[in-house]
Amino acid sequence: MGGVEDDEPASKRMKLSSEALIHLSNGSTVKESIVGSSRDLMARPPQSDGGEEVVGSKGVIKKVEFVRIIAKALYSLGYIRSGAHLEEESGIALHSSIINVFMRQVLEGDWDESVATLHNIGLTDEMIIKSASFLILEQKFFEFLDEEKVMDALKTLRTEISPLCINHGRVRELSLSIVSPSHCFTVRSPKQNTSRARSRTKLLEELQKLLPPTVMIPERRLEHLVEQALGLQRDACMFHNSLDEEISLFADHQCARDQIPSYALQILPAHTDEIWFLQFSHNGKYLASSSHDCSAIIWEVDANGISLKHKLSGHQKPVSSVSWSPDDHQLLTCGVEEVVRRWDAPSGECLSVYEKAGLGMVSCGWSPDGKWIFSGVNDKSISLWELDGRELECWKGQHTLKISDLEITSDGKQIISICRETAILLLDREAKVERFIEEDQTITSFSLSRDNRFLLVNLLNQEIHLWSIEDDLKLVSKYRGHKRTRFIIRSCFGGLEQAFVASGSEDSLVYIWHRGTGELIEALPGHSGAVNCVSWNPTNPHMLASASDDRTIRIWGLNNLSAKQKDTHGNGIHYCNGGT
């Protein structure tokens with residue numbers, strides 16, 4: 001696109017300079033004056049000769065808006081002459097004449113004129129006019145103080161800023177800056193703590209955010225629209241599961257199915273009975289599993305695969321669940337209506353046992369700071385414990401069941417537990433408020449998302465429900481296809497940005513759905529018994545683990561990352577190529 005030379009008409013040079021005013025990166029200023037009073041001008045969206053012409057195959061993009069946004073992008077990128085050339089060739093101005101006048105007045109410090117022009121732009125919202133006037137007059141106030149014109153600053157505050165009757169707290173701060181000059185620096189916003197020219201361009205940025213976008217197009221609007229389009233393409237991509245996947249502007253984005261961990265890289269056969277539960281550590285470096293054989297195992301994850309680190313023995317009953325401490329240095333294990341044990345992960349040493357006389361534990365979890373632990377008890381209560389085993393608090397009543405999961409939100413405020421066959425309790429510890437997720441079917445298990453905004457609820461009728469729990473409780477989606485008739489089957493969130501849902505199943509398959517669409521992506525064969533639990537590595541979207549009644553754990557990954565076939569190792573790990 002051609003540039004604008006100095007021998008072109010003055011009107012064109014004036015337009016170019018006006019646009020340079022709002023382009024903050026090139027530092028241009030305007031010396032030419034615009035003839036005519038701003039009171040004689042009316043702000044109106046620039047019209048093309050074609051009126052409401054549209055572009056694009058859908059007929060939804062207005063040509064005038066499209067050209068204005070492109071021109072804005074050119075100026076923002078520093079292509080000042082190209083932007084001006086586009087305005088001239090298209091006949092579509094980026095801004096109306098009165099807006100160009102207004103921007104020039106702001107950058108040249110013509111405060112009274114700029115406020116007068118603001119009232120003539122044609123804005124209908126009085127609060128916007130007052131708020132914009134406040135910003136302009138505040139800048140005027142500080143520049144008077146910089147010039148040590150204290151009386152002028154005081155007059156501006158009393159006769160111009162205060163009568164606006166808004167931002168009363170800010171007005172008081174401005175008053176203090178007159179009484180105490182040392183207070184002035186703390187009162188100023190970052191845009192006012194720089195050079196005068198720079199602070200005025202920052203003021204223009206603030207005004208631009210305040211005024212309607214039809215009057216002044218927001219900065220980087222085109223970039224925002226493109227990023228939004230790319231984000232929608234990524235979210236709609238059924239298999240998007242990699243940070244390394246580049247999204248190009250030149251073609252619609254679509255990942256291949258091979259981004260989903262569907263290839264059995266390892267089989268871990270160390271347990272001697274059904275495996276009921278497993279969970280990756282928060283840092284993804286460890287995996288813990290628990291079994292009907294009354295043991296739990298800590299597995300270590302490294303570049304070469306997964307290896308057995310510690311086998312934890314001491315429970316007298318089957319171990320129903322495990323829970324990693326926030327720093328991943330410790331692990332809780334819960335026996336079925338027995339005790340909760342706390343283990344040192346590096347050494348495998350049992351550090352403490354939590355029990356109540358005549359009662360048994362049914363679930364366990366950590367406080368976010370790792371200073372306390374929670375446990376569900378088979379008398380339907382929930383207990384809070386010091387690490388040394390001293391019980392601090394007990395919530396009695398219908399708070400949990402004999403078979404229940406237990407989650408604590410990352411802010412430590414909410415305890416989540418199955419309190420009735422068809423209900424999940426969300427107990428706010430601080431506000432002492434109880435909320436309930438009510439289902440029509442029996443609830444068998446649930447899982448909390450990493451951002452604490454969603455809950456996956458497994459039901460007796462072979463459905464998994466996704467609930468939003470951030471504000472009002474709301475059923476968002478349903479996932480179907482897996483089998484559940486007799487056992488407790490658990491599901492999990494996983495993948496990049498937890499965009500997928502995985503679940504075990506009694507038909508020996510591992511099921512994976514796209515979280516957003518609910519569409520079933522994979523049903524992975526390999527196990528020879530019911531798959532009771534799944535866990536997705538939180539730091540590696542390409543690693544998924546599944547635990548089964550066949551006494552094995554399968555580690556699923558990508559085809560191109562498969563390990564070489566190896567014989568069974570002494571540590572009980574079998575590497576495979578995906579076969580049974």
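If I ask for residues that are touching a Pro at 6+ places or on another chain (Cβ under 8 Å) and under 29 Å from Leu204 (Cα atoms), which ones from region 215-269 would you list?
Arg221, His224
Tell me, please, whether a residue that is in the same structural domain as Val319 (by the TED database), open to solvent by less than 40 Å² (accessible area, probe 1.4 Å) and closer than 19 Å to Arg490 by Cβ can be found in region 430-440. Write out each step before concluding.
The initial filter retains those residues of region 430-440 that are in the same structural domain as Val319 (by the TED database), namely 430-440.
With the extra rule that they be open to solvent by less than 40 Å² (accessible area, probe 1.4 Å), the set shrinks to 437, 439.
Applying the additional criterion that residues be closer than 19 Å to Arg490 by Cβ yields 437, 439.
Among the residues of region 430-440, at least one is in the same structural domain as Val319 (by the TED database), open to solvent by less than 40 Å² (accessible area, probe 1.4 Å) and closer than 19 Å to Arg490 by Cβ, which makes the answer yes.
Quick one: which residue in Leu496, Leu520, Leu561 is modelled with pLDDT under 95 and either open to solvent by 50 Å² or more (accessible area, probe 1.4 Å) or among the acidic types (Asp, Glu) (or both)?
On the way: Leu496 fails: either open to solvent by 50 Å² or more (accessible area, probe 1.4 Å) or among the acidic types (Asp, Glu) (or both); Leu520 fails: modelled with pLDDT under 95.
After ruling out the rest, the residue left standing is Leu561.
Select, from Leu331, Leu287, the only residue that is in a strand (DSSP E or B), among the hydrophobic types (A, V, I, L, M, F, W, C) and more than 23 Å from Leu384 (Cα to Cα). Explain how you work it out, then say what you get.
Numbers: Leu331 fails: more than 23 Å from Leu384 (Cα to Cα).
Result: Leu287 is the single residue among Leu331, Leu287 that is in a strand (DSSP E or B), among the hydrophobic types (A, V, I, L, M, F, W, C) and more than 23 Å from Leu384 (Cα to Cα).
What is the number of the single condition among (1) of a type in the set (Asp, Glu); (2) in contact (Cβ under 8 Å) with a residue 60 or more places away in the chain; (3) farther than 30 Å from Arg390 by Cβ that Glu337 does not meet?
Result: Glu337 passes all but (3).
Out of all the residues in region 544-558, which are charged (D, E, K, R) and within 16 Å of Pro525 (Cβ to Cβ)? Let's see the steps before the verdict.
Narrowing region 544-558 to residues charged (D, E, K, R): 549-551, 554.
Asp549, Asp550, Arg554, listed by residue number.
Can you find a residue that is closer than 24 Å to Ser295 by Cα and among the aliphatic types (A, V, I, L, M) anywhere in region 404-421?
There is at least one residue in region 404-421 that is closer than 24 Å to Ser295 by Cα and among the aliphatic types (A, V, I, L, M).
Out of Val336, Val353, Val340, I need the residue that is among the hydrophobic types (A, V, I, L, M, F, W, C) and either open to solvent by less than 10 Å² (accessible area, probe 1.4 Å) or not assigned by the TED database to the domain that holds Asp472 (or both). Which one?
Numbers: Val336 fails: either open to solvent by less than 10 Å² (accessible area, probe 1.4 Å) or not assigned by the TED database to the domain that holds Asp472 (or both); Val353 fails: either open to solvent by less than 10 Å² (accessible area, probe 1.4 Å) or not assigned by the TED database to the domain that holds Asp472 (or both).
Residue meeting the stated conditions: Val340.
Sort out which residues of region 336-391 are assigned to a loop (DSSP other than H, G, I, E, B), among the aliphatic types (A, V, I, L, M) and under 33 Å from the mean Cα position of the chain (by Cα), and write them in order of number.
Once the filter is applied, which keeps residues that are assigned to a loop (DSSP other than H, G, I, E, B), among the aliphatic types (A, V, I, L, M) and under 33 Å from the mean Cα position of the chain (by Cα), region 336-391 yields Ala345, Leu387.
Would you check which residues across region 250-283 are over 25 Å from the mean Cα position of the chain (by Cα) and part of a strand (DSSP E or B) and list them?
Selection gives Tyr263, Ala264, Leu265, Gln266, Ile267, Leu268, Ile275, Trp276, Phe277, Leu278.
Does Asn532 fit the bill of being in contact with a Phe, Trp or Tyr (Cβ under 7 Å, 6 or more places away or on another chain), farther than 23 Å from Thr422 by Cα and among the polar types (S, T, N, Q)?
When the stated conditions are applied, Asn532 does not pass them.
Just give me the residues in region 337-362 being touching a Gly at 6+ places or on another chain (Cβ under 8 Å), within 16 Å of Ser383 (Cα to Cα) and not acidic (Asp, Glu), in sequence order. Don't jump to the end; show me each part of the working.
Residues of region 337-362 that are touching a Gly at 6+ places or on another chain (Cβ under 8 Å), as a first pass: 337-339, 341, 350, 352-354, 360-362.
When the remaining residues are screened for being within 16 Å of Ser383 (Cα to Cα), the result is 337-339, 341, 352-354, 360-362.
Within region 337-362, Val339, Arg341, Ser352, Val353, Tyr354, Gly360, Met361, Val362 qualify.
What pairs come out if I take residues in region 145-166 that are closer than 14 Å to Ser131 by Cβ and pair them with residues that are open to solvent by 50 Å² or more (accessible area, probe 1.4 Å) whose C-beta lies under 8 Å away, six or more apart or interchain?
Every condition considered, the pairs that remain are Leu164/Lys130; Cys165/Lys130; Ile166/Met127; Ile166/Lys130.
Working only within region 124-159, note down all residues that are under 43 Å from the mean Cα position of the chain (by Cα) and more than 18 Å from Gln105 (Cα to Cα).
If we filter region 124-159 for residues that are under 43 Å from the mean Cα position of the chain (by Cα), which is where we start, we get 124-143, 145-146, 157.
Listed by number, the residues that qualify are Thr124, Asp125, Glu126, Met127, Ile128, Leu145, Asp146, Leu157.
The values are calculated or read from the model by the stated rules, or taken from the named source; none is laboratory data. What you are looking at is a predicted structure, and each value in this text was computed from that prediction instead of being measured. So basically every Cβ, Gly included, is an ideal-geometry build from the backbone, and we count neighbours across all protein chains shown. Side chains included, ligands, DNA and RNA excluded: accessible areas come from the protein's heavy atoms. Shrake-Rupley method; radii C 1.70, N 1.55, O 1.52, S 1.80 Å.
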